[in-house]
Amino acid sequence: MKACVLQAPARIETNPLAFADVPAPTPANGEVLVRVSYCGVCRTDLHVIEGELVPQKSPVIPGHQVIGVVEKLGAGARRFPIGVRVGIAWLHHTDGTCEFCRSGAENLCDHPTFTGYSVDGGYAEYAVAPEDFIYAIPEQFPDEQAAPLLCAGIIGFRSLRLSGIKPGGKLGFYGFGAAAHVAIQVARHWSIDVYASTRDARHQKLALELGAKWAGGTLAESPVQLDAAIVFAPAGEIVPPALKALRKGGVLVLGGIHMSPVPSFDYNLLYQERVIRSVANNTRQDGEDFLRVAAEIPIRSHTQLFALREANRALNALKNDAIEGAAVLKVGS
């Protein structure tokens, strides 16, 4: 099969993904083989490729927003019939036995595996995944628009939940890429006012088109005090101004898996029961709940398509904020 393979971490400017022929995977017990049609391009892929996340598999095929159809069943797999459309997301498998899994916090599992990081992912014509960790995709979404929902959408949804924001509340978004452009549609559906701070004028324009009350530069002062805020950009320097924008008791959610160092800040920014919390991965329930809400709205992803062999170009564009919405690789014919 054709796939984009990372032999060793390197700066994306060096175009480290090799477009190559590799053996197609075989589904093991309880797994399914998926013939990939589209795969979303995520900033986490950049963190994997550039080594900002400690390598877990080498070589590795990145990609964890995978849409395709079930091609073959491994022994014992019976949840999805052959030919049905499914999605493979970041959380590939958990041990199911650690204290976190037993308490319902499988996103914090002690021994997890992750798609496109510790196991091969969707920058390929075929991918395998445990049947218990894949999703049925609502029929409202064409493949191309469904792909970004599987990480950008799910993580944005979990970030919204952890922010504690209520209908009528004022919510800040810092960064307006793939996750934020989906999350704002959920927020507006929940009657939440969104204030978007992002450095690119095109992203500010998209935020306003999607219903933001205000859009300005990343470090611009918010026109209102915020009940909560989500930092989607992997930039630690955003944390102090985001805290400054919060009302007393406000919550600041850090929505990325990797972030540059957070600078020191005066305790007064945190005082009065303001809270900073991170988001780590997702549970399968997050995914199921989000896809149900996404279908009710229904969410419309803004996508920019690239051929599979153009994965390096797509990731370079993502790194340079040249994607409006989400980048998606077209894999199948």
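Key figures for this structure:
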| read-out | value |
| --- | --- |
| Flag if residue 215 is within 20 Å of the chain's Cα centre (by Cα) and either of a type in the set (Gly, Ala, Ser) or modelled with pLDDT under 95 (or both) | no |
| Odd one out for residue 214, checked against (1) surrounded by 22 or more Cβ atoms within 10 Å (Cβ to Cβ); (2) touching a Pro at 6+ places or on another chain (Cβ under 9 Å); (3) among the aromatic types (Phe, Trp, Tyr) | (1) |
| Residue in segment 98-111 that is in contact with a helix residue (DSSP H, G or I) (Cβ under 6 Å, 6 or more places away or on another chain), in a helix (DSSP H, G or I), at pLDDT 95 or above and under 19 Å from residue 255 (Cα atoms) present | yes |
| Scope segment 1-19; condition of a type in the set (A, V, I, L, M), assigned to a strand (DSSP E or B) and either open to solvent by 30 Å² or more (accessible area, probe 1.4 Å) or at pLDDT below 95 (or both); matching residues | 18 |
| Residue in segment 191-211 that is of a type in the set (Gly, Ala, Ser) and in a loop (DSSP other than H, G, I, E, B) present | yes |
| Number of the condition not met by residue 150 [criteria: (1) touching a helix residue (DSSP H, G or I) at 6+ places or on another chain (Cβ under 9 Å); (2) closer than 23 Å to residue 49 by Cβ; (3) open to solvent by 10 Å² or more (accessible area, probe 1.4 Å)] | (3) |
| Counted residues, segment 97-125 - those being of a type in the set (A, V, I, L, M) and buried (at least 23 other Cβ atoms within 10 Å of the Cβ) | 1 |
| Pairs where the first residue, in segment 83-109, is farther than 26 Å from residue 69 by Cα and among the polar types (S, T, N, Q) and the second is modelled with pLDDT under 95 and open to solvent by less than 60 Å² (accessible area, probe 1.4 Å), C-beta under 8 Å, 6+ apart | none |
| Residues satisfying the stated conditions in segment 28-40, i.e. within 18 Å of the chain's Cα centre (by Cα) and open to solvent by 10 Å² or more (accessible area, probe 1.4 Å) | 38 |
| Helices (runs of 4 or more DSSP H) fully within segment 233-333 counting 3 or more residues that are open to solvent by less than 70 Å² (accessible area, probe 1.4 Å) and of a type in the set (Gly, Ala, Ser) | 284-296, 311-319 |
| Residue in segment 234-248 that is touching a residue at least 40 places away in the same chain (Cβ under 8 Å) and under 29 Å from residue 138 (Cβ atoms) present | no |
| Among (1) in contact with a helix residue (DSSP H, G or I) (Cβ under 7 Å, 6 or more places away or on another chain); (2) open to solvent by 10 Å² or more (accessible area, probe 1.4 Å); (3) closer than 21 Å to residue 45 by Cα - the single one residue 145 does not satisfy | (1) |
| Residue in segment 115-125 that is of a type in the set (A, V, I, L, M, F, W, C), touching a residue at least 40 places away in the same chain (Cβ under 8 Å) and farther than 25 Å from residue 2 by Cα present | no |
| Set 75, 89: member being surrounded by fewer than 16 Cβ atoms within 10 Å (Cβ to Cβ) and either touching a helix residue (DSSP H, G or I) at 6+ places or on another chain (Cβ under 9 Å) or farther than 27 Å from residue 177 by Cα (or both) | 75 |
| Strands (runs of 3 or more DSSP E) (entirely within segment 28-90) containing at least 3 residues that are closer than 15 Å to residue 314 by Cβ, out of contact with any Lys or Arg (no Cβ under 7 Å at 6 or more places or on another chain) and at pLDDT 95 or above | 31-41 |
| Identity of the residue in segment 195-210, in contact with a strand residue (DSSP E or B) (Cβ under 8 Å, 6 or more places away or on another chain) and within 20 Å of residue 245 (Cα to Cα), that ends up surrounded by the fewest Cβ atoms within 10 Å (Cβ to Cβ) | 208 |
| When residues of segment 168-194 are limited to those that are touching a residue at least 40 places away in the same chain (Cβ under 8 Å) and within 17 Å of residue 250 (Cβ to Cβ), the one surrounded by the fewest Cβ atoms within 10 Å (Cβ to Cβ) | 169 |
| Subset of segment 35-69 [closer than 18 Å to residue 118 by Cβ and hydrophobic (A, V, I, L, M, F, W, C)] | 39, 42, 46, 48, 49, 53, 54, 60, 61, 66 |
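The values are calculated or read from the model by the stated rules, or taken from the named source; none is laboratory data. Owing to the predicted nature of the structure, the values given are computational and were not obtained by experimental measurement. Please note: Cβ atoms are built from the backbone with ideal geometry, for glycine as well, and neighbour counts cover all protein chains shown. Only protein heavy atoms, including side chains, enter the accessible area calculation; ligands, DNA and RNA are left aside. Shrake-Rupley method; radii C 1.70, N 1.55, O 1.52, S 1.80 Å.
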